[in-house]
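Notes to accompany the following structure.
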Amino acid sequence: MGDRRGTGSAGGRLYSPGGCGCALVLAPLLAVSVGLLLVMVGYALASVAMLAGAVAITVRLRRKRPEREAAGRGPGAWPLIASALYILSVPYLIFFIWFMFFSSHS
């Protein structure tokens, strides 16, 4: 009788050189990368909120300008706050959009 080997059968052995060692080595790297992605998305959401706040302050300042000029007072610290919000939000949003959608390595 011949030696019967099941080549290609479902019950055959699958060659794995390191068992699950590769997954154990890459698990911390995967956890760090997922954590970085969540941090980037969280900061992007905060940047959108800051941008919305800066736009709201700018619109309010433009609408109230005649009333302030008639009363003889300045805008206060609001232009500085709006500028800071623009400076904090817009560059990161540009970076985030570029990084997430245009920097593919295919």
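The values are calculated or read from the model by the stated rules, or taken from the named source; none is laboratory data. Because the structure is predicted, anything quoted here is derived from the model rather than measured. All Cβ positions, glycine included, derive from the backbone under ideal geometry; neighbour counts span all protein chains shown. Only protein heavy atoms, including side chains, enter the accessible area calculation; ligands, DNA and RNA are left aside. Shrake-Rupley method; radii C 1.70, N 1.55, O 1.52, S 1.80 Å.
General remarks:
- Residue in the range 25-46 that is within 15 Å of Tyr86 (Cβ to Cβ), assigned to a helix (DSSP H, G or I) and free of Cβ contacts under 8 Å to residues at least 60 places away in the same chain present: yes
- Tabulated pairs, the range 64-90, first assigned to a loop (DSSP other than H, G, I, E, B), second open to solvent by less than 80 Å² (accessible area, probe 1.4 Å) and among the aliphatic types (A, V, I, L, M), C-beta under 8 angstrom, 6+ apart or interchain: Pro75/Leu61
- Matching residues in the range 53-81 - criterion: being open to solvent by 80 Å² or more (accessible area, probe 1.4 Å) and among the aliphatic types (A, V, I, L, M): Ala70, Leu80
- A residue that is assigned to a helix (DSSP H, G or I), modelled with pLDDT of 90 or more and either within 21 Å of Val39 (Cα to Cα) or among the small types (Gly, Ala, Ser) (or both) occurs nowhere in the range 97-104.
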